[in-house]
Amino acid sequence: MQSQKSIRDGYQASPWEPEAESPSAKSNFSQAVIYDCLIVGAGITGLTAALKLQLAGKSTVIAEAYNLGYGTTGGTSAHINTFADTTYMEVKQAFGEQGAQLFADAVNGGYNIIRDNIAKYGIDCDYEEKPGYLYAEDEQQMKALDQVVEGARMVGVSVNYTENVPIPVPHQKAATLPGQAQFHPLKYLNALAAEYIKAGGIILNNTFINEVESSDDVHAAKAGDISIQASNVVYATHMPPGINVFNMRCAPYRSYVVAVKLQNDADCPDALIYDLQEPYHYFRTHVINGEKLLLIGGNDHKTGHDDPEAAFNDLEKYIKRYFDVQEVKYRWSSQYYVPADGLPYIGQIPMQADGIWCATGYNGNGMMLATISGDILADLIVDKQNEFAELMSTKRLKPIDGFTEFVKENADVAYHFVADRFGIEKLNALNELQAGTGKVIEIDGEKVAAYKDEQGAVHALSPVCTHMKCFVNWNAAEKSWDCPCHGARYDIDGKVITGPARQPLQPL
Ligand code: FES
């Protein structure tokens, strides 16, 4: 077993990275073997499914494009809740009361699996249970709060109105939900990986799957000159790669987090607290390297559709309005996917070969929903009944009408969005571009995604996303090219850091 320091899919470091090693185990991998399951992506979904499958006697390989927790698991703010962004009342409206109850059981099922794993394997991952609070600041938010409370009571989730929220933000009404939790996501993930390896599982880091060819119930996944053969392939990558139905069913969002040291540690609330603004803010405390930090998150927006620097600055301004901040220690952002009807999609990918699976659309509730998704996928693969599988099945997708229209329309929208909102600037020469910045510019009639590094070298790429040809947009905070259509992200040299794109941006 080898280890390396974790990195993630952004320029800004999250507080989790330095403390976590990324195990890999490939010594027993063979290209001649047909494995029971290949799992693409080593985040919480992938590791939860892989560990369960391996323990059930299924031979499993994880192929991770970079390192464990490189994607959203390495950038989450790691809240473990008994409630979700899609409220139980909203689920009731769309899926009936029984659907709402099942969804609540799934959310709490994910929570329980995390807690059980921590106990069973003795995982030291800063796990703490604390009360949760939601508060409303105006009339409309009070109605939303009442809906949350009513929904939670309907499905048997403990909730009470309260007068006291341990936060200095003025509010009009609040509720408390006991037994929320938090942890260090990479410490947890790496412990799962260690158990998986102990059970004989294989992890191939730095293995980017370019394509999968299917024949006679065997899928051959190509990663450079390596071929991995398996009876099942699970895309645990949020959005599965390539063009698929989920491009139209899940919208990619960026979410921002700032971790600050306060003048007085006692002002850090010993709770998980959420407001009901749109987009919302949340607050929680975590001790990182012996230092008590307040984590504040929010300001979410669709990927590639707003200025990430402005989102961070707004968040910092917001914190300083209510807290006496000594120092900003970390600021980072991460990506999640909002599903069209509020529930995740878990199961076989429609219109692909049998045995190709995915789980996506966790909204802002990745800890519980990724965990329960991994559990459901493992059951489905071994053909075991799972009570949640039908509610969140990918089969609830209707056949796609007007698919070509969708492609055209979105490409057009994205082009106009970039052109109108941020402007494709005409520069006479690349030396007008500031060092350390990127821009989509026009030079001699040609559009160029140009980044000038600190040494003055220009990295010039085609701005056309290789997924479905939208124009990428510069993310100044994470130093990446982000696609406003389905959330693909590329580094300054065009390498894919987040799907669904498979191919890099073309160098110019
Ligand atoms: Fe789909 Fe870029 S066009 S992610």
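The values are calculated or read from the model by the stated rules, or taken from the named source; none is laboratory data. Everything numeric in this text was worked out from a predicted model, so none of it was measured. No Cβ is skipped: glycine too gets one built from the backbone with ideal geometry, and neighbour counts run over all protein chains shown. Just the protein is used for accessible areas: all its heavy atoms, side chains included, with ligands, DNA and RNA removed. Shrake-Rupley method; radii C 1.70, N 1.55, O 1.52, S 1.80 Å.
I need the shape label for the chain. Rule: rounded when a/c is under 1.5, else prolate if a/b > b/c, else oblate, with a, b, c from the alpha carbon gyration tensor. Intermediate results must be reported in sequence, preceding the final value.
Details: a/c = 1.39, a/b = 1.06, b/c = 1.31.
Since a/c stays below 1.5, the shape of the chain is classed as rounded.
Length gain on complete extension for the stretch Asp146 to Glu97, per 0.36 nm per residue less the alpha carbon to alpha carbon distance?
Here the answer is 15.9 nm.
By the scheme Lys and Arg +1, Asp and Glu -1, what is the net charge of all other residues having a beta-carbon under 14 Å from that of Ala220?
-4
With no other cysteine's Cβ closer than 4.7 Å, which Cys residues of the chain count as lacking a disulfide-compatible partner?
Unpaired cysteines in the chain: Cys37, Cys125, Cys250, Cys268, Cys358.
Output ³J(HN,Hα) for segment 502-508: one whole-Hz value per residue in order, computed from phi by the Karplus curve 6.51 cos²θ - 1.76 cosθ + 1.60 with θ = phi - 60°, and x for Gly and Pro.
Those phi angles translate into 10, 9, x, 5, 6, x, 10 Hz.
Give the carbon-plus-sulfur fraction of the accessible surface of segment 181-264 in %, rounded to a whole number; probe 1.4 Å, heavy atoms of protein chains only.
Carbon and sulfur: 43 percent of the exposed surface of segment 181-264.
Net charge near Ile492, counting Lys/Arg +1 and Asp/Glu -1 over other residues with Cβ under 9 Å of its Cβ?
Here the charged neighbours net out to -1.
Would you calculate the separation in nanometres between label points at Ser215 and Val328, each defined as 7 Å from the Cα along the Cα-to-beta-carbon direction?
5.5 nm
Excluding Lys292 itself, what net charge comes from residues whose Cβ is under 9 Å from its Cβ, given Lys and Arg +1 and Asp and Glu -1? Can you show the working numbers first?
Values: positive: Lys261; negative: Asp265, Glu291.
With Lys, Arg at +1 and Asp, Glu at -1, the net is -1.
Once phi is turned into θ = phi - 60°, what whole-Hz ³J(HN,Hα) does the Karplus curve with 6.51, -1.76 and 1.60 give for every residue of segment 139-146, x standing for Gly and Pro?
4, 5, 5, 5, 5, 4, 5, 4
Want the number for Gln503 to Asn160: 0.36 nm per residue separation, take away the alpha-carbon distance, what's left?
On the way: separation 343, 0.36 × 343 = 123.48 nm, distance 5.02 nm.
Extra length available between Gln503 and Asn160 comes to 118.5 nm.
Counting only C-alpha contacts under 8 Å and six or more residues apart, can you give the relative contact order of the chain as a whole percent?
17 percent
Report the calculated FRET efficiency for Asp453 and Val287 (r = Cβ-Cβ distance, R0 = 45 Å), to the nearest 0.05.
After rounding, the FRET efficiency stands at 0.80.
Using a Förster distance of 56 angstrom, determine the FRET efficiency expected from the C-beta separation of Asn264 and Met351, and round it to 0.05.
Efficiency, from the Cβ-Cβ distance: 0.45.
Got a sec to turn the phi values of segment 386-393 into Karplus ³J(HN,Hα) couplings, 6.51 cos²θ - 1.76 cosθ + 1.60 with θ = phi - 60°, whole Hz, x for Gly and Pro?
9, 5, 9, 4, 5, 4, 9, 5
When ligands, DNA and RNA are left out and all protein chains stay put, how many square angstrom of accessible area per residue does the chain have with a 1.4 Å probe?
It amounts to 40 Å² per residue over the chain.
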